[in-house]
Amino acid sequence: MQAPLRFSTDTLPAPVRTEAWRALYGREILNVALDPVGELPFACSFSAHAVERVAFVRGHTSGAIFAKTPDLAGGDELLLIVHGGAHGAVEQCGRRAELAPGDAALLHSAELGRSIHPGGVDFLNIRLPGAELAQRMPDVHDRLARALPAVTPALALLTRYTQLVETLAPVDGLGAIVADHICDLALLALGALPDPGRRASAGAARLALAKADIRRNAWRPELSIAGVAARQGISPVYLRKLFAAEGSSFADCVLAMRLDQARARLCDPAWQHRPIAAIALESGFGDISYFNRCFRRRFGMTPSDARERG
């Protein structure tokens, strides 16, 4: 996984914004032409993430039409556009799809077409390997320029998963796994039947989102599997099965994250003024004796030892 590329026209004088976007984003990343719409100066900001054989870009643009012109068409990549915040449309292969907020549509890099956003738009563009998706979903090209409703469960999961990936630090070895998850979720969103041999990937994506939720809320004593499952749009039974599949449990995960958080605070000079008991309570533990036993069992030392070692 690579560090993200960030771009914003806010740092540029209005007269050069359009050309700067065309040079960096238009030709270097998406290979599309840009025609601003409206009287206000063109404005765009985005963050681009490359993950092995896939990439995704999240950002906002003022009113514009993006076109795949003959000089820019080529390659064998699919682009899934998730359209947020305003109505728009895409055109390709003689079809036009009207997009409501949250809807998505698929385009191909070698086909002429347009993405039309007259009122500006918050967007998520996901670049996918065309040959791989076509092999796994032979009729994928029939999905070009067809609206994919925002209520599609796999689309919502894919969107949330890319948000989680954005929070990850660049780590060697994670890229291929993340790319697998994104491709699997994109295929499910497009209507492909689950591949029995790859179902675990979609489940892993759901479990990763659940763990991110737990990490954010581990300090809450009232944290429950029912609450996490509800926020992820799945049942507690299914979430238990996901944990069981990796040989763990919800309780194990919560305990590990609370202990990791407590140890990080004990070793942080900024927390040296806080009593150990207070750190335990603020990490989600209601029983200090239980905290001490679990800490020693997990790290082979007492909380006091951890603080002294820094």
Of (1) among the hydrophobic types (A, V, I, L, M, F, W, C); (2) in contact with a Ser or Thr (Cβ under 7 Å, 6 or more places away or on another chain); (3) under 25 Å from L158 (Cβ atoms), A43 satisfies every one except (3)
Are any residues in segment 220-244 without any contact (Cβ under 8 Å) to a residue 24 or more places away in the chain, open to solvent by less than 60 Å² (accessible area, probe 1.4 Å) and either under 28 Å from D287 (Cα atoms) or of a type in the set (D, E) (or both), and if so, which ones?
S224, A226, G227, V228, A229, P236
Taking segment 83-118 and keeping only residues that are surrounded by 15 or more Cβ atoms within 10 Å (Cβ to Cβ), within 19 Å of L158 (Cβ to Cβ), hydrophobic (A, V, I, L, M, F, W, C) and out of contact with any helix residue (DSSP H, G or I) (no Cβ under 6 Å at 6 or more places or on another chain), one is left with V90, A97, L99, A105, L107
Filter result (of a type in the set (K, R), under 29 Å from T152 (Cα atoms) and modelled with pLDDT of 90 or more) within segment 228-258
R240
Given the structure, is A212 under 30 Å from C183 (Cβ atoms) and in contact (Cβ under 8 Å) with a residue 12 or more places away in the chain?
yes
Take the residues in segment 57-68 that are within 24 Å of the chain's Cα centre (by Cα) and not aliphatic (A, V, I, L, M); name whichever of them is surrounded by the fewest Cβ atoms within 10 Å (Cβ to Cβ).
H60
Segment 57-133: strands (runs of 3 or more DSSP E) wholly inside it with 1 or more residues that are touching a Lys or Arg at 6+ places or on another chain (Cβ under 7 Å) and within 22 Å of A176 (Cα to Cα) are 77-84, 121-129
Residues that are among the polar types (S, T, N, Q) and within 24 Å of F243 (Cα to Cα): does segment 263-286 have at least one?
yes
If a residue has to be part of a strand (DSSP E or B) and open to solvent by 60 Å² or more (accessible area, probe 1.4 Å) to count, how many in segment 1-35 make the cut?
3
Residue pairs qualifying under the 8 Å Cβ cut-off, at least six apart or on distinct chains, with the first in segment 264-284 being farther than 21 Å from N217 by Cβ and the second being basic (K, R) and part of a helix (DSSP H, G or I), are C267/R307; C267/R309; Q272/R307; I276/R307
All but one of (1) modelled with pLDDT under 90; (2) among the basic types (K, R); (3) within 18 Å of the chain's Cα centre (by Cα) hold for R27; which doesn't?
(3)
Restricting to segment 36-56, what's the tally of residues that are open to solvent by less than 50 Å² (accessible area, probe 1.4 Å) and of a type outside the set (G, A, S)?
7
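The values are calculated or read from the model by the stated rules, or taken from the named source; none is laboratory data. Here the structure is a predicted model, which is why all the values come from computation and not from measurement. Note that each Cβ is placed from the backbone with ideal geometry, even for glycine, and that neighbours are counted across all protein chains shown. Keep in mind that these areas ignore ligands, DNA and RNA; they rest on the heavy atoms of the full protein, side chains included. Shrake-Rupley method; radii C 1.70, N 1.55, O 1.52, S 1.80 Å.
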